[in-house]
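Worksheet: one structure, shown below.
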Amino acid sequence: MRDHDPKDPLRYRRNLHGTLIGITFFVGIGGFIAAMIIAKIGYKFLAAKFFWGGIIGAMITGTIAYMIPLFNFKKHIAYLEKRCTAKVIGRCTQNNERPTYQVSDYIKLMPYYSKPDDGTSDSAEHDVLYYDPEYTVEYDGQIYHLCEHLYSVCPIEKEGMRTLYIDPSSPYVFYDEHRYSMELKRAKENSRDTLSILFKFYFFVLLIFALYLFL
């Protein structure tokens, strides 16, 4: 049972990410179309400014769009750490294991940072498994069944035990520190790999832009 608190930063992640992706395409394609129209009129120098402005603008908004989910996830962790203060021991009754190709970004704890996998690879290196554990905990003399209904790469065996933190005023809201720290570590590693590729591409684009200006 998930608590949809309007103060939870996680609720923004899909809308904001989608909006920025849309802006990225609009800026990039818009700049190209504007450049084509202006070039036909005869203002080739002005057309070049629109063309390169669209490309550079799309690079900036695209990078922000990629990083927003990671920043938002960190805010979500801080939100849970502040809210969930009661320490309990949870017993995993179901780990709800699924291969990556059966888990959409919508139900991932940390979306957009998974390495590509079409689900057909036999290589263990790419056969990533996701988990949505359900826990049974006892708090203040009552039994609670907890599940975030969000998948992550942090494994846990059925009947495994884990330290959890719950909200004393709303025990169904909980924070699995181990799961979140592992997911955050993986997201940082994958984001660094992707950004390294992006920045190399950006350098190549800007180099062409510089040659265009000075040659």
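The values are calculated or read from the model by the stated rules, or taken from the named source; none is laboratory data. Just so it is clear, the structure is predicted and the values come from calculations on it, not from any experiment. With ideal geometry, Cβ positions are generated from the backbone for all residues, glycine too; neighbour counts draw on all protein chains shown. SASA here: full protein model, heavy atoms, side chains in, ligands and nucleic acids out. Shrake-Rupley method; radii C 1.70, N 1.55, O 1.52, S 1.80 Å.
So which residues in region 150-169 are at pLDDT below 90 and either open to solvent by 30 Å² or more (accessible area, probe 1.4 Å) or small (G, A, S) (or both)? Of everything in region 150-169, those that are at pLDDT below 90 and either open to solvent by 30 Å² or more (accessible area, probe 1.4 Å) or small (G, A, S) (or both) turn out to be S152, P155, E157, K158, E159, G160.
On the given criteria, is Y43 under 26 Å from I197 (Cα atoms), modelled with pLDDT under 85 and of a type in the set (S, T, Y)? Reasoning before the result, please.
On the way: under 26 Å from I197 (Cα atoms): no; modelled with pLDDT under 85: yes; of a type in the set (S, T, Y): yes.
So Y43 does not fit the description; no.
The residue of region 22-39 that is farthest from Y66 (Cα to Cα), among those that are surrounded by 16 or more Cβ atoms within 10 Å (Cβ to Cβ) and under 19 Å from the mean Cα position of the chain (by Cα), is I23. Would you check if there is a residue in region 55-77 being closer than 30 Å to E138 by Cα, open to solvent by 40 Å² or more (accessible area, probe 1.4 Å) and either part of a helix (DSSP H, G or I) or modelled with pLDDT under 80 (or both)? Yes; the residues of region 55-77 include at least one that is closer than 30 Å to E138 by Cα, open to solvent by 40 Å² or more (accessible area, probe 1.4 Å) and either part of a helix (DSSP H, G or I) or modelled with pLDDT under 80 (or both).
Within region 1-20, track down each residue that is crowded, with 16+ Cβ neighbours inside 10 Å and modelled with pLDDT of 75 or more. Result: L20, single match.
State which residue pairs qualify: first residue among the polar types (S, T, N, Q) and inside region 148-159, second residue assigned to a loop (DSSP other than H, G, I, E, B) in any location, beta carbons under 6 Å apart, and separation of 6 or more residues or different chains. As it stands, the answer is S152/L109, since those pairs meet every condition given. In this entry, A86 is excluded by the filter for residues that are at pLDDT below 90, among the aliphatic types (A, V, I, L, M) and either more than 25 Å from the chain's Cα centre (by Cα) or open to solvent by 80 Å² or more (accessible area, probe 1.4 Å) (or both).
Can you find even one residue in region 116-126 that is at pLDDT below 90 and under 30 Å from I60 (Cβ atoms)? Taking every residue of region 116-126 in turn, at least one turns out to be at pLDDT below 90 and under 30 Å from I60 (Cβ atoms). Restricting the search to region 40-51, which residues are open to solvent by 30 Å² or more (accessible area, probe 1.4 Å) and assigned to a helix (DSSP H, G or I)? Answer for region 40-51, where residues must be open to solvent by 30 Å² or more (accessible area, probe 1.4 Å) and assigned to a helix (DSSP H, G or I): K40, I41, K44, F45, L46, K49, F50, F51.
Anything in region 130-145 that is under 20 Å from F73 (Cβ atoms) and assigned to a strand (DSSP E or B)? List them, or say none. So that I can check it myself, show each step before the final result.
Let us first name the residues in region 130-145 that are under 20 Å from F73 (Cβ atoms), namely 130-133.
Correct list: Y130, Y131.
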